[in-house]
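Chemist: Input: one structure, supplied below.
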Protein chains: 2
Amino acid sequence: MSKHLKSVPGSIVAPQGFLASGIFCDIKRLGTGKGSNKGLKRDLALIVSEVPATVAGMFTTNQICAAPVKVCVERVKRGKAQAIVVNSGNANACTGRQGLADAKAMTGLTGKLLHMPAEQVLVGSTGRIGVTMPMANVRSGIEAAAQLLGNEPECADEAAEAIMTSDSKPKQIAVEFKLGGKPVRIGGICKGAGMIQPGMSATGARPAAVPQGLHATMLSFITTDAAIGAKALQACLQEAVAHSFNRITVDGDMSTNDTVLVLANGLAANAKLGTRNAELKTFQTALNHVCLELAKMIVRDGEGVTRFVTVRVEGAKSHADADAASRAVANSALVKTSWFGGDPNWGRIIDAIGYSAATVVENKVDIGYSAPGSRKILWSLKRGQPTKTTFKQLCAAAAAKEFDLHIRLNLGRASALMYASDLTEEYVDFNKGDVSDPTTLGG
Amino acid sequence: MSKHLKSVPGSIVAPQGFLASGIFCDIKRLGTGKGSNKGLKRDLALIVSEVPATVAGMFTTNQICAAPVKVCVERVKRGKAQAIVVNSGNANACTGRQGLADAKAMTGLTGKLLHMPAEQVLVGSTGRIGVTMPMANVRSGIEAAAQLLGNEPECADEAAEAIMTSDSKPKQIAVEFKLGGKPVRIGGICKGAGMIQPGMSATGARPAAVPQGLHATMLSFITTDAAIGAKALQACLQEAVAHSFNRITVDGDMSTNDTVLVLANGLAANAKLGTRNAELKTFQTALNHVCLELAKMIVRDGEGVTRFVTVRVEGAKSHADADAASRAVANSALVKTSWFGGDPNWGRIIDAIGYSAATVVENKVDIGYSAPGSRKILWSLKRGQPTKTTFKQLCAAAAAKEFDLHIRLNLGRASALMYASDLTEEYVDFNKGDVSDPTTLGG
């Protein structure tokens, strides 16, 4: 962490002027089965700024996208918002016109209760796909949550819990830094454990080059009291997401609901940041840190996950090549099962690189292991040939719960990395569904 | 099966003039561990035609390709061959110059013993990656196998067993049909159970459009006594592989060694088939059947596999779209684990279609189930909306050990299918490796 950043408690209510709440309104009422929401009591959260805020968002590029995503994409374009209503237990995806009407009704009721226009309210959902929202419960939930809004850390804890589905724990962070001498804070919460390989864009539209294998729903909500323009905030969020949420994979499946939203309410009273402002870099560094730490929490808490591996590809001909090679390795069933076993199986790794869309030349490839972030690399393969490193040494490196996998293609100067998990029997058991319980349907 | 085709025993020795053998020469000597070759006693096979034969081949498009593939790609171009030497237990991949010399030495010794030029001998390998071949054992194995060549069905059984790695059983087929009144036979054997999503081309070079997610080694060796020209044979093999081996997936990983070879020795004495011959269609139909049945055996015998699902995508805008959508579904960890659980989870299916490279419109998508090959479809989703079909009915459809999954995009006229397996705890357990046993390294 940059020395200019300081950890603070309270996540999304750490910045000035933000309130949160999280309650149970029985959206998860069917959630008794394995792979579902058993034991999670909260299922609806509100996040509110006391004053209108600048907003930025990034959304799934899945062509099948949920109603709340559609609503947010349009509203974020206007650059201003003041509240977010989020539920777990139902994704409001593949729910047609009714789903869209329900998503808007959620924002309408929230706005009415909080005395703001519906258009100033954003919405997020995660859970079962293809079932319309239990709106009577949702309405009573929003009413209850609006009553309970507060800026104590417990309020943020309850919101972070309310957005969880298969997550084993809430995911939260907040940092403080200075802009022009003024203390500024960024806080965030997120959720996600399976159906995780986000590929988000600002509009939900796909980039010209579709990232290879775009793919649990992840939701993240970030608050800051920085004063910043909408364009600058969107640019900063895109940059931060590109190096965090869009670089993680648990199972290679991209959700219909992936969403990151940032509200910046300006109450820190710093000189307002624009796209050309030199202090923007300080804000960017802080936002990058918040997004990256949240993204890593998702991988570490992935369904059945026992290993956290950073796949670092260097020396590719192009960024697209580096991206393709890193995703092929990070999503290979054979590579991920070998990680689970602590098996330093470079044969499967070079195999995956070889079938990726990246240009690869066998006798140029280096593969090695290091401790997280270390450049002290134990090489298993150099220029396509096994090194003298012993199998025992390699096993010790691959036995670590967290390690970096270094892949050098030695063909160019482009690099990319992916934060990836192993594939375990527990993942399969968790996701094989429970046909006695329809609530396990969906993502 | 076409009424013009008749099943016959003997697989690769069913056609006239072919001999085979399979022996143990201790290439698998280290194979005591789980995930390896435990209990499989044979590890080297010979397949020989009594007369020089026309040859055709299809090879992995993985850029990391094994030495025997490199040797075969060059030799198949000449259009003539007479023998194939194959070993299991060592893939001879990522073995550099020594590997290439070893592969050629295998063909040289085989040629010497069988009194034919080395260039007339082809070679295949499967097993551990990155370890040079135990050539003393290989040499004594080739000598033993050459002594044991025979045309009894047991000889084919032994060859089929000798090419197995994680396969639970040998895979064989032979058919008879008529060309111009003359009885003609095609026989084949194959192996493969993990690292299975072949994407083969005639030269090992990638097509302009890399099939999405090309990816256990599969080897298949096919013999026929048909008289056919090299160009016609290669064209027929490309067509047959495009609809069989290149449409299967177990785990989405394409091997470094995938190879299909056909020897056609002409001893049936039919009028020689050329590319413009009307009877070529009869031969094509028979070859398609042999390749498809062998390919399906690989999926059904895949590591830990309990379900065989044919993913049928129709109504895509283009073949590339149909291909991308079918591969995204067939390789989705979440879809495959739901199949294991017998869970008719259409939310995960439409999610996978939506993140594929195919153009998809939510309110046009139909998803349904049928018995294998049946057009009596139980629809779970029509035009993006759940049908009235009950969850119980859908569960019954998804509980079948084999079923067809029908996906209609309703945007165009292109279609594609994939033969796919589920993803099970046994797959993970099998592939997590055994760090006490280095033989489990590699594919």
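The values are calculated or read from the model by the stated rules, or taken from the named source; none is laboratory data. Since this is a predicted model, take the numbers as computed values, not measurements. Here the Cβ is made from the backbone with ideal geometry for all residues, glycine too, and neighbour counts use every protein chain on show.
Chemist: What pairs can you find where one residue is in region B:132-157 and aromatic (F, W, Y), the other is not in a helix (DSSP H, G or I), and their Cβ atoms are less than 9 Å apart, with a gap of 6+ or different chains?
Modeler: none
Chemist: Further question on the same structure: Which one is nearest to the other protein chains (Cβ to nearest Cβ), of the residues in region B:357-372 that are part of a loop (DSSP other than H, G, I, E, B) and either under 22 Å from A:D422 (Cα atoms) or modelled with pLDDT of 95 or more (or both)?
Modeler: Once the filter is applied, the top-ranked residue is B:V360.
Chemist: Residue check: is A:I129 of a type in the set (V, I, T), closer than 19 Å to A:T259 by Cα and in contact with a strand residue (DSSP E or B) (Cβ under 9 Å, 6 or more places away or on another chain)?
Modeler: yes
Chemist: With respect to the numbered conditions (1) modelled with pLDDT of 95 or more; (2) of a type in the set (D, E, K, R); (3) farther than 22 Å from B:K272 by Cβ, which one is the sole condition not fulfilled by B:E50?
Modeler: The single condition B:E50 does not satisfy is (3).
Chemist: If you go through region A:335-350 one residue at a time, do you hit one that is away from chain B (no Cβ under 14 Å) and not small (G, A, S)? Spell out the reasoning first.
Modeler: To start, the set of residues in region A:335-350 that are away from chain B (no Cβ under 14 Å) comprises none.
No.
Chemist: Mind listing just one residue for me: the one in region B:320-350 that is at pLDDT 95 or above and among the acidic types (D, E) and, of those, surrounded by the fewest Cβ atoms within 10 Å (Cβ to Cβ)?
Modeler: Selected residue: B:D321.
Chemist: Do we find that A:K70 is part of a helix (DSSP H, G or I) and more than 25 Å from the chain's Cα centre (by Cα) in this structure?
Modeler: Criteria not met by A:K70.
Chemist: Given B:S326, B:S380, which one is assigned to a strand (DSSP E or B) and of a type in the set (S, T, N, Q)?
Modeler: Within the list B:S326, B:S380, the selection yields B:S380.
Chemist: From the set of residues in region B:364-389 that are in contact with a helix residue (DSSP H, G or I) (Cβ under 7 Å, 6 or more places away or on another chain) and at negative phi, which is surrounded by the fewest Cβ atoms within 10 Å (Cβ to Cβ)? Spell out the reasoning first.
Modeler: Keep residues of region B:364-389 that are in contact with a helix residue (DSSP H, G or I) (Cβ under 7 Å, 6 or more places away or on another chain), which gives B:365, B:367, B:369, B:378, B:380-381, B:383-385.
Next cut, at negative phi only: B:365, B:367, B:369, B:378, B:380-381, B:385.
Working: B:V365: 27, B:I367: 23, B:Y369: 24, B:L378: 19, B:S380: 26, B:L381: 21, B:Q385: 16.
Only one residue fits best here, namely B:Q385.
Chemist: Next up: Considering each residue of region B:73-129, count those that are more than 14 Å from chain A (Cβ to nearest Cβ) and assigned to a loop (DSSP other than H, G, I, E, B), and give that number.
Modeler: Adding up the residues that qualify gives 6.
Chemist: Moving on to the next point. Residue check, B:N87 against (1) closer than 21 Å to A:W346 by Cβ; (2) touching an Asp or Glu at 6+ places or on another chain (Cβ under 7 Å), all met but one. Which one?
Modeler: (1)
Chemist: Looking at (1) in contact with a Gly (Cβ under 8 Å, 6 or more places away or on another chain); (2) under 14 Å from A:G130 (Cα atoms); (3) assigned to a loop (DSSP other than H, G, I, E, B), which is the only condition B:G347 fails?
Modeler: Failing condition for B:G347: (3).
Yes/no matrix, rows are residues, columns are (1) under 28 Å from A:T217 (Cβ atoms); (2) touching a Leu at 6+ places or on another chain (Cβ under 8 Å):
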residue	(1), (2)
B:D343	yes, yes
B:A371	no, no
B:S374	no, no
B:L381	yes, no
B:N431	yes, yes
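Chemist: Residues A:V365, A:V290: which one is in the same structural domain as A:K171 (by TED's automatic domain parsing) and of a type in the set (V, I, T)?
Modeler: Unique residue meeting the criteria: A:V290.
Chemist: Are any residues in region A:278-311 within 13 Å of A:I228 (Cβ to Cβ) and crowded, with 18+ Cβ neighbours inside 10 Å, and if so, which ones?
Modeler: Across region A:278-311, the qualifying residues are A:L280, A:T282, A:F283, A:A286, A:L287.
Chemist: Right, something else. Determine whether region A:416-424 contains at least one residue that is modelled with pLDDT of 95 or more, touching a Phe, Trp or Tyr at 6+ places or on another chain (Cβ under 8 Å), more than 10 Å from every other protein chain (Cβ to nearest Cβ) and surrounded by fewer than 17 Cβ atoms within 10 Å (Cβ to Cβ).
Modeler: The answer is no; no qualifying residue exists.
Chemist: Another question, if that's okay. Given the structure, is A:N137 out of contact with any Pro (no Cβ under 8 Å at 6 or more places or on another chain) and either within 14 Å of chain B (Cβ to nearest Cβ) or more than 28 Å from B:R348 (Cβ to Cβ) (or both)?
Modeler: Answer is no for this residue.
Chemist: Only one of B:R75, B:R97 is assigned by TED's automatic domain parsing to the domain that holds B:A230, under 21 Å from the mean Cα position of the chain (by Cα) and surrounded by fewer than 24 Cβ atoms within 10 Å (Cβ to Cβ). Can you tell me which?
Modeler: B:R75
Chemist: If I ask for residues that are farther than 30 Å from A:L381 by Cα, within 26 Å of the chain's Cα centre (by Cα) and small (G, A, S), which ones from region B:163-186 would you list?
Modeler: B:S168, B:A174
Chemist: Let me spell it out: the conditions are (1) at pLDDT 95 or above; (2) over 30 Å from A:P15 (Cβ atoms); (3) not acidic (D, E), and A:G274 meets all of them except one. Which number is the exception?
Modeler: Checking A:G274 against (1) at pLDDT 95 or above; (2) over 30 Å from A:P15 (Cβ atoms); (3) not acidic (D, E), the one that fails is (2).
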